[in-house]
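Below: the structure, in structure tokens.
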Amino acid sequence: QKPRIDFSETLHEKSCVKKVIGVVSGKGGVGKSFVTSMLAVAMNRLGYRTAILDADVTGPSIPKAFGIKERALVSDEGVIPVKSKTGIQMMSVNLLLEHDTDPVVWRGPILANTVKQFWKDVIWDHVDFMFIDMPPGTGDVPLTVFQSIAVDGLIIVTSPQELVSMIVTKAVKMAEMMNIPIIGLVENMSYYRCPDNGKNYQIFGESHIEEIAGQYHLPVLARIPIDPQISTACDRGMIEMLEGNWLDSTARTVEKMEEE
Ligand code: ADP
């Protein structure tokens, strides 16, 4: 095993974060933010102290899915994350902007610095599991994030309409470079179950996730259907009320990291 290079920024002296899981995808719109949020909800339901760091600075969608209207408290000592209705701590650029609709028109280095500040200037209160909604792709910003924050594991989110094999290859290479273990793959928008006849339809084409996962010896953690309840709940800020158990077994896998 390669020695772990410690690029990491230190946390705020009053913070405590035990395990950090990065959620990545090849491009936007595959449901990476949904998977990050729903996984945090599932971990929280298991009784863990949970947090979300929204590193997708130019497309922050976490606060909206949780229906958060308030703003984070910025003091001389540090930034206090906002807590969701069920107690998930979260930090996102939208919690600092005056209006949700303000665009973030910063260049790469500033974006990366913002994420670093979410890590070191926020007072994270005894977090068992933190999920990071990473910016899509393998560009400059995600790379800097990985170099600054000690991520313990990665989850790759794909959808059948993507060039999944290329995305997985890139993510695997990036993870190897950074020496971060990959926990597994989540396929979102895999199929649609017709409520009239109970049949599954593969709207975005046939899935190749099992073959690709096999190639890299990675587990497929979940296959999530297209479900209008998901988009409605995210739109209305009610993700915590969603009853789907799509990510429960993924949460159980993440839970095992605690013992390591
Ligand atoms: P990303 O973070 O990858 O850009 P999002 O999580 O923001 O993607 O999802 C994009 C849109 O698709 C959102 O409106 C979300 O509510 C919706 N969505 C995500 N996953 C599903 C799903 N399985 N079924 C229905 N809608 C979904």
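For the stretch 222-243, give me the residue count where each residue is more than 9 Å from the ligand (Cβ to nearest atom) and either under 15 Å from residue 189 (Cβ atoms) or of a type in the set (Asp, Glu) (or both). Counting residues in the stretch 222-243 that are more than 9 Å from the ligand (Cβ to nearest atom) and either under 15 Å from residue 189 (Cβ atoms) or of a type in the set (Asp, Glu) (or both) gives 4.
Can you confirm whether residue 255 is away from the ligand (no atom under 16 Å from the Cβ), within 21 Å of residue 131 (Cβ to Cβ) and not aliphatic (A, V, I, L, M)? Yes, satisfied. Can you confirm whether residue 148 is small (Gly, Ala, Ser) and either within 16 Å of the ligand (Cβ to nearest atom) or touching a Cys at 6+ places or on another chain (Cβ under 7 Å) (or both)? No.
Taking each residue of the stretch 215-237 that is over 19 Å from residue 158 (Cα atoms) and looking for partners that are in a loop (DSSP other than H, G, I, E, B) and within 11 Å of the ligand (Cβ to nearest atom) with beta-carbon atoms closer than 6 Å, six or more apart or interchain, yields 233/242. Among the candidates 81, 63, the residue that is within 16 Å of the ligand (Cβ to nearest atom), in contact (Cβ under 8 Å) with a residue 12 or more places away in the chain and either of a type outside the set (A, V, I, L, M, F, W, C) or surrounded by 21 or more Cβ atoms within 10 Å (Cβ to Cβ) (or both) is uniquely 63.
The residues on offer are 131, 118, 146, and the sole one that is modelled with pLDDT of 85 or more, surrounded by 17 or more Cβ atoms within 10 Å (Cβ to Cβ) and over 29 Å from residue 242 (Cα atoms) is 146. Which residues, taken from the stretch 134-168, are out of contact with any Gly (no Cβ under 9 Å at 6 or more places or on another chain) and either among the small types (Gly, Ala, Ser) or in contact (Cβ under 8 Å) with a residue 40 or more places away in the chain (or both)? Matches in the stretch 134-168: 147, 148, 150, 165.
Looking only at the stretch 98-123, filter to residues that are aliphatic (A, V, I, L, M) and without any contact (Cβ under 8 Å) to a residue 24 or more places away in the chain; which one of those is farthest from residue 43 (Cα to Cα)? Full working, then the answer.
Let us first name the residues in the stretch 98-123 that are aliphatic (A, V, I, L, M), namely 104-105, 110-112, 115, 122-123.
If we keep only those that are without any contact (Cβ under 8 Å) to a residue 24 or more places away in the chain too, we end up with 105, 110.
Details: 105: 33, 110: 31 Å.
Only one residue tops the list, namely 105.
Could you list, in sequence order, the residues of the stretch 18-29 that are within 10 Å of the ligand (Cβ to nearest atom) and surrounded by fewer than 23 Cβ atoms within 10 Å (Cβ to Cβ)? Correct list: 26, 27, 28, 29. What are the residues in the stretch 42-58 that are within 16 Å of the ligand (Cβ to nearest atom) and farther than 27 Å from residue 103 by Cα, if any? Of everything in the stretch 42-58, just one residue is within 16 Å of the ligand (Cβ to nearest atom) and farther than 27 Å from residue 103 by Cα, namely 42.
Could we say that residue 137 is small (Gly, Ala, Ser), out of contact with any strand residue (DSSP E or B) (no Cβ under 6 Å at 6 or more places or on another chain) and either within 14 Å of the ligand (Cβ to nearest atom) or assigned to a strand (DSSP E or B) (or both) here? In short, yes.
The values are calculated or read from the model by the stated rules, or taken from the named source; none is laboratory data. Nothing here was measured: the structure is a model prediction, and the numbers come from that model. Here Cβ is always computed from backbone atoms with ideal geometry, including for glycine, and neighbour counts include all displayed protein chains.
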